[in-house]
Amino acid sequence: MGQDVEIADVSMRFGDFYAARDINVHIEAGEFFSFLGPSGCGKTTLLRLVSGFMDPTKGQIKIGGKDMIGIGSNNRPTAMIFQNLALFPLMTVMENIGFGLEVRGMPKVERIKKVEELIELVDLFGTGNRYVSELSGGQMQRVAIARALAVNPAVLLLDEPLSALDLKLRHHMRAELRNIQRRTGVTFIYITHDQTEALTMSDRVGVMSIGKLEQVAVPDVIYNNPATAFVASFVGETNRLQGTISNIDGEYAVLNTASGPFSCKNPQRMSKGEEGTIFIRPETVFMTKESNASNLLACGIQNLSFEGAYAVVTLKTEQGQLLTMRLNNDGTAPSVKADENVNVTFNRENAFVLKNGDSSSA
Amino acid sequence: MRDFWKNALRDLGKIGVAYIIITVGIWLVFMILIPQLIMFDYSLRPMLALRDIGGPKDVWTLKNYIVFFTNKLHMAIFFKTIWSSFIVTLVALAICYPIAFYLAKVVRGGKVGLLMLGLIIPYWINELLRLFAWQLILADSGILNQLLILLGIIVDPINFRAGNGAVILGMTYAYILFMVFPIYNVMESLDRNQLDAARDLGASWLRIHRRIVMPHAKPGIAVGCTMTFMLAAGTVAAPQLLGSPSSFWFTQVINTNFECANWNQGAAYATVLMLLCMIFMFIMLKIFKVGLKELTQ
Amino acid sequence: MKSSKSIFRIVVGAYLALFFAYMFLPLIFMTIIAFNANEVPQITPWKGFTFMWFGELAKDEQMWKALLNSFIVAFSVVAISVPIGLGGALLLTRLQFKARDFVYGVLVSPILTPGIILGISTFLFWDSYMNVPGGLWTAILGQATFITSYCMLLIMSRAQRFDLTQEEAAFDLGASHRQVFWKITLPFLRPALISSVALAFMQSFDNYNTTLFAIGVEQTLPIYIGTKLRSFISPAMNALAVVFIALTIIGAITYEYRRRRELIKIR
């Protein structure tokens with residue numbers, strides 16, 4: 001069964017560079033937790049700190065309530081699936097999967113039984129005596145999973161294990177990983193830069209930018225209520241309008257932007273006079289005939305691109321600001337043509353203002 | 001420093017780190033450094049009777065080196081050794097460059113294996129026996145003289161071994177493969193497309209070699225030249241087997257010193273030889289602008 | 001265009017033929033002489049085909065003693081050079097430290113030093129400082145000084161291609177340092193270790209310059225050959241050369257055959 005992982009005040013410094021800075025997160029036992037962020041944000045460092053390949057410069061890491069600092073990776077209840085899988089090329093599939101048991105001194109008969117169970121679990125029948133170089137990409141992935149599960153880890157650490165697979169196989173393996181996680185009850189800590197992967201598989205997601213943990217929440221909160229400008233721009237597509245807060249109205253704020261005043265949610269409780277950016281998802285922007293509706297933007301249609309289930313419309317406001325909007329292909333959306341002038345609007349419930357942060361990597 | 005030990009212990013474990021320290025320590029200290037330093041120390045002390053060693057006469061002096069620099073005959077032999085080794089190196093380079101290029105970039109497929117075999121077989125036969133083969137050819141009643149007499153070109157056998165020619169010829173033969181393999185190794189890593197591209201752009205063969213192949217092969221040429229020069233300057237067997245009294249070699253002077261039990265003088269001469277080889281190597285590194293690392297790949 | 005290409009081919013062909021004639025003719029002459037009944041090692045006059053020189057060689061006890069010594073020395077050099085070479089390779093590929101390049105330079109310097117100097121310095125150190133008279137032991141140490149450098153370079157070139165995450169994966173699965181070394185690192189390095197055993201053995205077996213100065217009054221096979229060639233030249237030496245050539249050809253063919261079979265297996 002899984003154990004919980006507590007990362008408390010953890011910093012990791014390489015020379016003058018902080019790969020992780022004051023990270024605080026508590027991962028529940030049996031949870032599927034993802035760290036999401038662009039490459040170089042420190043998520044792999046965090047995973048290596050949990051696995052014990054290095055110790056943090058500062059802070060505590062506890063697994064199942066036990067302090068792990070100073071304990072090597074071979075004595076932690078974790079198992080890692082490496083980005084390059086790191087399968088042992090000179091061993092067969094069975095020897096690979098049984099390696100962790102072999103080094104623990106498990107007798108051969110017992111070991112073979114356990115390995116065969118795992119081969120069944122990950123659906124690898126008939127490959128036991130092959131060398132890993134003779135396997136397909138998906139099969140190698142399964143060997144890596146089985147090898148890690150063989151040692152009954154309380155926490156399984158996965159370092160972008162699906163990034164080398166083609167799209168179809170990746171979709172399949174996502175479902176499979178989630179499935180294996182539910183069946184085994186092991187805590188999964190998953191590292192990825194692919195937001196779809198993180199949002200579809202995880203119970204909770206932690207979004208990271210250059211060494212900092214920006215937000216920890218369930219996937220729909222990450223998408224609908226991002227805590228920072230970085231999260232808003234890194235996860236999903238957004239339209240941005242910059243401006244200054246001119247009025248506060250309970251949970252809402254009104255911003256003066258180049259394209260006029262707009263009303264939106266104010267999750268960070270920003271006050272009057274502060275500068276911020278309004279984030280609006282393309283799917284929440286819609287066309288309107290009412291010329292006196294609030295949050296109105298008069299635009300010209302610059303480009304239309306048909307994507308099947310929906311069309312992406314690129315709009316340009318009179319002030320030159322570019323916006324995107326989605327029109328669902330369900331017969332409800334009005335038909336439009338390029339160069340047409342339209343009025344668009346959005347609900348203040350669907351937009352939010354956030355402090356201008358560093359969102360350069362998004 | 002603390003990080004170094006921490007990482008080392010983490011990666012390799014206590015036994016691993018201890019193993020490295022002990023093995024490399026023994027090698028570095030007792031096999032490389034101390035013997036070298038002791039030889040140098042020997043070269044700086046005068047030859048003394050046993051009872052004087054450690055006594056007041058046992059002091060550091062440059063006497064052994066002064067003896068060398070003031071002995072006209074030894075100096076002449078020294079410069080001849082340099083000059084001849086240099087010729088051996090140049091001739092070997094001239095012969096080997098085309099062969100290495102042909103093997104690495106022109107010929108393809110199974111033929112490469114066969115030709116390589118043809119190079120490796122003579123390489124594996126003892127150096128002395130390789131030189132002996134030339135002794136048989138160049139002797140007074142040897143194959144070459146017999147052939148020339150048979151063809152009516154000469155009447156009396158020529159003494160080929162009189163000058164330095166025989167020694168140089170034999171050494172070129174004996175050490176040629178130390179030139180082929182390093183050059184072959186670097187040329188093999190040259191992308192054939194580069195040659196095709198250059199030819200496509202209208203470059204002549206000469207220019208392709210000067211601008212593309214040679215710059216790429218520099219480390220191999222440098223290592224081949226260094227090795228060949230070092231082997232030639234340091235050879236003992238070639239002058240012993242192919243030389244005559246008139247073609248005395250520097251190593252033979254060193255040898256004579258040891259045979260006369262003047263170890264201190266011998267150590268000084270050996271130090272001079274070592275310095276010569278080091279200087280040659282550094283010149284090679286400078287000329288070809290390569291680092292020591294590339295030299296020994 | 002076409003004719004210039006064919007001229008080029010003729011020139012290349014002629015050059016290759018000359019080169020390989022230069023490489024092999026001396027060895028062929030030497031082989032023919034080994035079977036000539038003439039007392040003087042020459043092709044002419046031909047006094048009939050004989051195996052007697054091989055018989056004479058086999059009767060020479062000195063030769064057998066030198067051969068035995070050569071084996072003792074070569075095996076000892078392998079036993080010293082390969083483990084130390086492994087240590088050096090691990091030091092230079094696995095540890096990061098500032099003086100790394102300098103240490104590398106010192107550790108490869110024996111290759112770039114003339115053999116006689118290694119022989120002399122080893123002899124001086126052991127004979128006069130450690131009171132170990134020149135003999136097989138000093139010859140072994142002198143040879144091992146530079147043969148270890150070769151072994152180290154050979155092992156390093158493979159160790160550099162090692163994927164370190166494999167070791168991490170093994171640690172992560174609970175293996176100790178000892179287990180990681182024996183089950184992961186060593187199997188990966190095995191081909192390089194085998195080649196360095198072969199290289200060390202052959203380098204030692206062939207060595208003349210270093211041995212000559214370090215060995216004192218003992219003899220290895222090359223020293224024996226050197227002594228023989230300098231004093232009384234008999235076609236028995238040709239017979240010995242033929243044995244060497246034959247062994248080399250057999251060795252080279254087996255190696256090439258095994259290499260091709262490996263290639264097929266990989267495909």
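Every number here is computed from the coordinates shown, using simple stated rules; none is lab data. Since this is a predicted model, take the numbers as computed values, not measurements. Every residue, glycine among them, receives a Cβ derived from its backbone with ideal geometry; neighbour counts consider all protein chains shown.
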Scattering curve values for chain B, log₁₀ I(q)/I(0), Debye with Cα scatterers, q = 0.08, 0.14, 0.15, 0.17 Å⁻¹: -0.53, -1.17, -1.23, -1.32
Theoretical gain in end-to-end length, A:Phe125 to A:Phe14 [0.36 nm per residue, Cα-Cα removed]: 35.5 nm
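Over chain A, what is the relative contact order in percent, taking alpha-carbon pairs closer than 8 angstrom and at least six residues apart?
Numbers: 769 pairs, mean separation 58.8, N = 362.
Over chain A, the number comes to 16 percent.
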Among C:Asp172, C:Asp127, C:Asp101: highest mean-square fluctuation, GNM of chain C, C-alpha pairs under 10 Å: C:Asp172
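Taking a ≥ b ≥ c as the square roots of the eigenvalues of the Cα gyration tensor of chain C, is the shape rounded (a/c under 1.5), prolate (a/b larger than b/c) or oblate? Could you put the intermediate results ahead of the total?
Values: a/c = 2.13, a/b = 1.34, b/c = 1.59.
Oblate, because a/c is 1.5 or more while a/b does not exceed b/c.
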Amide H partners (placed H, <5 Å) of A:Asn303, local residues excluded: A:Thr314
Under-19-angstrom lysine pairs by C-alpha in the stretch A:5-229, whenever the two are 8 or more apart or on separate chains: 5
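Considering Cα pairs under 8 angstrom that are at least six residues apart, work out the relative contact order of the stretch B:199-270 and quote it in whole percent. It would help to have the intermediate numbers written out before the result.
Working: 20 pairs, mean separation 11.9, N = 72.
Reported as a whole number, the value is 17 percent.
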Within the stretch A:12-54: backbone nitrogen closer than 20 Å to the C:Leu164 label point (7 Å, Cα to C-beta): A:12-20, A:40-54
Within the protein assembly as shown, percent of DSSP bridges classed antiparallel, to nearest 5: 80
J(HN,Hα) series, the stretch A:107-124, from Karplus relation 6.51 cos²θ - 1.76 cosθ + 1.60, nearest Hz, glycine and proline x: x, 4, 4, 4, 4, 4, 4, 4, 4, 5, 4, 5, 4, 5, 4, 9, 6, 10
Convex hull per residue volume in Å³, alpha carbons only, for the protein assembly as shown: 265
Label-point separation in nm, C:Val11 to A:Asn75, each point 7 Å along Cα→Cβ: 7.2
Residues of type aspartates and glutamates that B:Lys286 reaches as a straight line, Cα spacing below 19 Å, ignoring anything fewer than 8 places off in the same chain: B:Glu294, C:Asp101
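Any idea how many Lys pairs in the stretch A:237-355 come in under 23 angstrom at the alpha carbon, given 8 or more places apart or on separate chains?
Within the stretch A:237-355, the lysine pair count is 5.
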For the stretch A:143-282, Kirkwood radius (reciprocal of mean inverse C-alpha pair distance, Å): 17.5
For chain B, built as a Gaussian network whose Cα springs stay under 10 Å, the top-fluctuating residue of B:Lys80, B:Lys63, B:Lys14: B:Lys14
For the protein assembly as shown, with +1 on Lys and Arg beta carbons and -1 on Asp and Glu, the positive-most of B:His216, B:Ala174, A:Ser73 along the dipole: B:Ala174
Pairwise label distance in nanometres, B:Met214 with A:Asn343, each label 7 Å out on the Cα-Cβ vector: 7.9
Gaussian network model of chain B, springs between alpha carbon atoms under 10 Å - residue of B:Ile21, B:Ile87, B:Ile38 with greatest fluctuation: B:Ile21
Using θ = phi - 60° and Karplus 6.51 cos²θ - 1.76 cosθ + 1.60, couplings along the stretch A:181-190 (whole Hz; Gly, Pro as x): 5, 5, 5, 8, x, 6, 5, 10, 10, 10
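For the stretch A:63-175, what does the alpha-carbon gyration tensor say about shape, rounded, prolate or oblate, given a ≥ b ≥ c as the root eigenvalues, a/c under 1.5 as rounded, and a/b over b/c as prolate?
Working: a/c = 1.92, a/b = 1.18, b/c = 1.63.
Taking the square roots of the gyration eigenvalues as a ≥ b ≥ c, the stretch A:63-175 is oblate.
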Alpha-carbon radius of gyration plus Dmax, which is the widest Cα pair, for the stretch A:5-229 in Å: 17.5, 56
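First measure r as the distance between the Cβ atoms of B:Leu117 and A:Glu110, then evaluate 1/(1 + (r/R0)^6) with R0 = 45 Å and state the FRET efficiency to the nearest 0.05. Mind showing how you got there, number by number?
Working: r = 51 Å, r/R0 = 1.14.
With a Förster radius of 45 Å, E is 0.30.
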Those lysines that a straight Cα-Cα span of less than 27 Å connects to B:Lys111, excepting residues fewer than 8 apart in one chain: B:Lys218, C:Lys2, C:Lys5, C:Lys265
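Within 10 Å of each residue's Cβ, count the other Cβ atoms and sort B:Val223, C:Val106 from fewest upward.
With the fewest neighbours first, B:Val223, C:Val106 line up as C:Val106, B:Val223.
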Rounded to 5, the percent of DSSP beta bridges in the stretch A:5-229 classed as antiparallel: 55
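Want the number for A:Asp203 to A:Phe306: 0.36 nm per residue separation, take away the alpha-carbon distance, what's left?
On the way: separation 103, 0.36 × 103 = 37.08 nm, distance 3.31 nm.
Full extension from A:Asp203 to A:Phe306 adds 33.8 nm.
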HN-Hα J in Hz across the stretch A:334-339 - Karplus 6.51, -1.76, 1.60, θ = phi - 60°, x for Gly and Pro: x, 7, 10, 10, 5, 6
Computed over the stretch B:69-295: relative contact order in percent, which uses C-alpha pairs under 8 Å that are six or more apart: 27
